[in-house]
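The values are calculated or read from the model by the stated rules, or taken from the named source; none is laboratory data. Here the structure is a predicted model, which is why all the values come from computation and not from measurement. Note: ideal-geometry Cβ built from the backbone for every residue, glycine included; neighbour counts use all protein chains shown.
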Ligand code: GAR
């Protein structure tokens, strides 16, 4: 059972899909904290509506960087968080927190890494870059978070075709559907203790 913190900056649809997977019994986890840098995010609204502790933490709430990191660490510790899922969190996780939760932080990215990742590659920018490249497939990647953007070991990937006539918006919406299924499935691999990390790779144990 994971004691999950979900970090999100925006709409929060991946947070919702994780919460639904838990309530349907498909993910052995409890969301014990939702944290957002954006006070008006849908993610914080969803958390509050569902009685999940919701924390707004940003350079506005905590302008001193040291204070910011120590507040993040104490929120995580006080809630008993043992795993962090980034779900559309548009800020870098401080290195201190990445070290404490080594191999216990995942991110979902709306493309097939290692292509179309890195700084500035978020939201519609990713789908625009995919269309401009002429790639015939795109998809979703769940990976472990390290101190560099989008380069940690890959946990799960799935692809979909790019159709002629696709727009960044149409791709985003088809990719998002896939995200909503794949992220809870990937988190369940951790809940079942089936993932170990070996350098740049993850090793998956078969189901018991
Ligand atoms: C998702 O598409 C996620 O993959 C993307 O932000 C969206 C968040 O949607 N993340 C990135 O681009 C990270 N580089 P949501 O708030 O509805 O879950």
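One table, with the values for the structure above:
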| read-out | value |
| --- | --- |
| All positions within region 145-174 that are without any contact (Cβ under 8 Å) to a residue 12 or more places away in the chain and more than 14 Å from the ligand (Cβ to nearest atom) | 163, 164, 165 |
| Filtered residue count, region 34-45, keeping only those that are outside any loop (DSSP other than H, G, I, E, B), within 12 Å of the ligand (Cβ to nearest atom) and buried (at least 21 other Cβ atoms within 10 Å of the Cβ) | 4 |
| Residue within region 1-9 that is within 15 Å of the chain's Cα centre (by Cα), within 11 Å of the ligand (Cβ to nearest atom), closer than 30 Å to residue 174 by Cβ and in a loop (DSSP other than H, G, I, E, B) present | yes |
| Of residues in region 15-32 being within 16 Å of the ligand (Cβ to nearest atom) and touching a strand residue (DSSP E or B) at 6+ places or on another chain (Cβ under 7 Å), the one nearest to residue 182 (Cα to Cα) | 18 |
| Any hit, region 79-92, residues being farther than 21 Å from residue 155 by Cβ, in contact with a strand residue (DSSP E or B) (Cβ under 8 Å, 6 or more places away or on another chain) and away from the ligand (no atom under 16 Å from the Cβ) | yes |
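Yes or no, residue by residue, for (1) within 9 Å of the ligand (Cβ to nearest atom); (2) within 13 Å of the chain's Cα centre (by Cα); (3) at pLDDT 95 or above; (4) buried (at least 16 other Cβ atoms within 10 Å of the Cβ):
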site: 106; (1), (2), (3), (4): no, yes, yes, yes
site: 109; (1), (2), (3), (4): yes, yes, yes, yes
site: 112; (1), (2), (3), (4): no, no, yes, yes
site: 130; (1), (2), (3), (4): no, no, yes, yes
site: 136; (1), (2), (3), (4): no, no, yes, no
site: 139; (1), (2), (3), (4): no, no, yes, yes
site: 143; (1), (2), (3), (4): no, yes, yes, yes
